[in-house]
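Here's the structure, in structure tokens; my notes come after.
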Amino acid sequence: MDMKIIAVAVAKGGVGKSMVTRSLATAAALAGMNVLAIDMDTQQTTTQWGRRRTNPLPLVRFSTENDLSDELGRARAAGCELVLIDTPPARSSEAPAAVEVADYVLIPCSADIEAFEQLPRTARLARTSGIPAAAILNLATPNSRSEEEAARGVFEALELRMAPSVLHRYKVHRDAARMGLSAQEIEPDSKAAAEIAALWVWICAELHISTSALVHKEVV
Ligand SMILES: Nc1ncnc2c1ncn2[C@@H]1O[C@H](COP(=O)(O)OP(=O)(O)OP(=O)(O)O)[C@@H](O)[C@H]1O
Ligand SMILES: [Mg+2]
């Protein structure tokens, strides 16, 4: 299988770039994939999460922009099937560098005006690179549809696709982060875990990753 690269990027801070990276990387590892999470944020949120994990999978590596190409080369040589790149907030050179090498850009966004304001820049970045991109509504209020409708309108106006799986605000994501785990590992039957599972299935289809060919392994 060709190595697929997903860049997770948006300038707005705190909208779930690292959570989406961690959760999808964990989903891939649970599905038996050879997956690598690359952390390009000097805050090292994802790197620290990796250090808190007792399970060595998914592999997490910090990389600067200068080392990215070598890091990807090593991953490819090691038979890596999927790379998720977590990027820093604000205007950075890391996000464009990640988007440049990516096959797909995932743009997490909360239903807040401040987050919406930051979308055009990232959407433009993906568009100029000519690679597919989709916004993921994250931190939506559970049991409310109004935020989803508002976000859908904003994404449509920017001609940005919306991932069909909306991620709501659930404490389990924060509890999991603290433990170096993901929602599906600490509460596999939770709504949060189901949303991540749906997001995973959708992104696999987008990237033509055949999940049926994957061996399901117990990672925990
Ligand atoms: N759906 C969710 N429900 C509850 N908490 C969430 C959810 N998504 C993210 N969080 C929490 O919100 C905080 C910010 O999320 P995260 O670190 O993933 O955002 P980020 O975009 O990577 O931030 P930064 O821009 O600083 O890198 C974290 O504490 C995370 O655990
Ligand atoms: Mg982050």
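By the equivalent-ellipsoid construction on the alpha carbon gyration tensor, region 1-132 comes out with semi-axes of 23, 16, 13 Å, ordered largest to smallest.
Loop-located GluC sites (Glu not before Pro) in region 81-165 (DSSP state not H, G, I, E or B) with no more than 11 neighbouring Cβ atoms inside 10 Å: 159.
Please list log₁₀ I(q)/I(0) at q = 0.11, 0.18, 0.24 Å⁻¹ for region 111-198, using the Debye equation with identical point scatterers on the alpha-carbon positions. One equal scatterer on each Cα of region 111-198 leads to -0.36, -0.85, -1.12.
The HN-Hα couplings worked out from phi for region 24-37 by the Karplus form 6.51 cos²θ - 1.76 cosθ + 1.60 (θ = phi - 60°) are 6, 5, 5, 4, 5, 5, 5, 7, x, 7, 7, 10, 10, 9 Hz, whole numbers, x standing for Gly and Pro.
For the modelled label position 7 Å from the Cα of residue 129 along Cα-to-Cβ, which residues of region 6-45 have backbone nitrogen atoms closer than 16 Å? Of the residues in region 6-45, 6-12, 17-18, 21, 37-41 have backbone N under 16 Å from the label point off residue 129.
What fraction, in whole percent, of alpha-carbon pairs in the chain exceed 26 Å separation?
Working: 6793 of 24090 pairs.
Beyond 26 Å sits 28 percent of the P(r) for the chain.
The distance from the alpha carbon centre of region 118-191 to that of region 196-211 is 15 Å, rounded to a whole number.
I need to check one value: relative contact order of region 4-211, counting alpha carbon pairs closer than 8 Å and at least 6 residues apart, in percent. Each step should come with its number before you reach the end.
Values: 389 pairs, mean separation 52.5, N = 208.
This gives 25 percent for region 4-211.
Neighbours of residue 165 by Cβ distance under 12 Å: Lys/Arg scored +1, Asp/Glu scored -1, total -2. Each Lys and Arg contributes +1 and each Asp and Glu -1, all at the Cβ; summed about the Cα centre of the chain, the dipole is approximately 320 debye. Taking every protein chain into account, the 1.4 Å probe leaves residue 161 with about 110 Å² of accessible area, to the nearest ten.
At the residue level, residue 2 shows approximately 120 square angstrom of accessible surface with a 1.4 angstrom probe and all protein chains present.
The values are calculated or read from the model by the stated rules, or taken from the named source; none is laboratory data. Please read all numbers here as calculations on a predicted model, not as lab measurements. FYI the Cβ positions are ideal-geometry reconstructions off the backbone, even for glycines, and counts take in every protein chain you see. For accessibility, only protein heavy atoms count, side chains too; no ligands or nucleic acids. Shrake-Rupley method; radii C 1.70, N 1.55, O 1.52, S 1.80 Å.
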